[in-house]
1. So, counting K/R as plus one and D/E as minus one, what does the shell of residues with Cβ under 13 Å around G182 add up to?
2. Work out from phi, with θ = phi - 60° and the Karplus expression 6.51 cos²θ - 1.76 cosθ + 1.60, the ³J(HN,Hα) of each residue of region 256-268, listed in order in whole Hz, and give x for Gly and Pro.
3. Mind listing the long-range amide H neighbours of G140? Cut-off is under 5 Å, sequence gap 5 or more, other chains count too, H placed in the peptide plane at 1.01 Å from N.
4. Give the percent of DSSP beta bridges with both residues in region 112-290 that are antiparallel, rounded to the nearest 5.
5. Show me, for region 123-131, the HN-Hα J-couplings you get by feeding each phi into the Karplus relation (A = 6.51, B = -1.76, C = 1.60, θ = phi - 60°), rounded to Hz, glycine and proline as x.
6. Could you work out the local net charge near A118, counting Lys and Arg as +1, Asp and Glu as -1, over the other residues with Cβ closer than 15 Å to its Cβ?
7. Considering only C-alpha atoms, what is the centroid distance from region 139-172 to region 212-270, in Å?
8. Given a Förster distance of 22 Å, report the FRET efficiency between R160 and T275 from their Cβ-Cβ distance, rounded to the nearest 0.05.
Amino acid sequence: MKRWLMVLALGLMATGVSAQSLELGGQPGENVGRPGVRAPGLLVESGIVRFNQGFDAQAAENDPDLRLEIINEFFRNVFAQLNVLIQLLPGLINPDPGNPGDGGGGGLIDQIVMTEVAHDGNVVFVELLNLTGIQTRLNGFRFSDGDAVSPSLPQIELDRDDSIVVQLGGDTQSPIADFIIGFRVQSLQTGELGLYSFRSVTGDTFPIENADFMVDYLQWNNDPMDDRNPPLEAVAAQANLWTTVDTIPTSLTSNSFRLAANAERRQGTRSNDITVVPFAENTLGTPESQLPAQP
């Protein structure tokens, strides 16, 4: 930000920028044969080239066209951030369980979703997608299967609309995973997996029963409905992340649960929003919404 403030100051102190950059001229190709004409096409184009080659304060001070492009870039960044802030304002001003200020409830803030969960051998892979709208650090995010809570995810910054593959369990990291954490999913036949943001929680106790902290949730079960009693289902329902009467009707064993593109916002997701395929057909690392369109 200091860099941009310096650039903006240089631009505001300069004079004659508008007159030079707005003087009439043709397209860049036409202006080539008009030496001496200060035409916008060539000037701004050359300014962009110099801007992309790296910022130089002295060059910006002496070159009004480079300065103009840097100022434009500054405002493009400002307006982009303002747009994100407008989206986040409801959660910042009036946090509640459905739109919390830090974590959970399927709100805009900390909206990291599990777009694929897959099992192979003795490990489970989870594909995470950042739908928050801004770059998000993953430290403080933890998994729970209703019994235990995983270690925190590492301090990795996940860009907007970027995905990452987490390996749960195993002795060595698989090539298809971006990192590994020491947490094993206990039940592959009848289980559940919740993702929480505990960044605001201090100490060693993590309230997995509090829907305000739940960010995402999946449940699988091939037992009759009357025989199942998943402890996190009610929490997920309260967070508007799962329908209480629904479940993925199969075991996770050697399967991959892939979230449909139209369900990535994870509001009241049902099991028919999940495609179940053998692990060999997994698409880990690429959410459904980012797969190439089928002909």
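No value in this document is a laboratory result; all are computed from the given coordinates. Bear in mind the structure is a predicted one, so any value in this text is a computation, not a measurement. Glycine gets a Cβ as well: all are built from the backbone with ideal geometry, and neighbour counts include every protein chain shown.
1. Residues near G182 contribute +1 overall.
2. 10, 9, 10, 7, 5, 4, 6, 10, 5, 6, 6, 10, x
3. Placed amide hydrogens put L153 under 5 Å from G140.
4. Expressed as a percentage, antiparallel bridges in region 112-290 total about 90.
5. Listing the rounded values in order: 10, 10, 10, 10, 8, 10, 10, 8, 10 Hz.
6. -4
7. 18 Å
8. It comes out at approximately 0.35.
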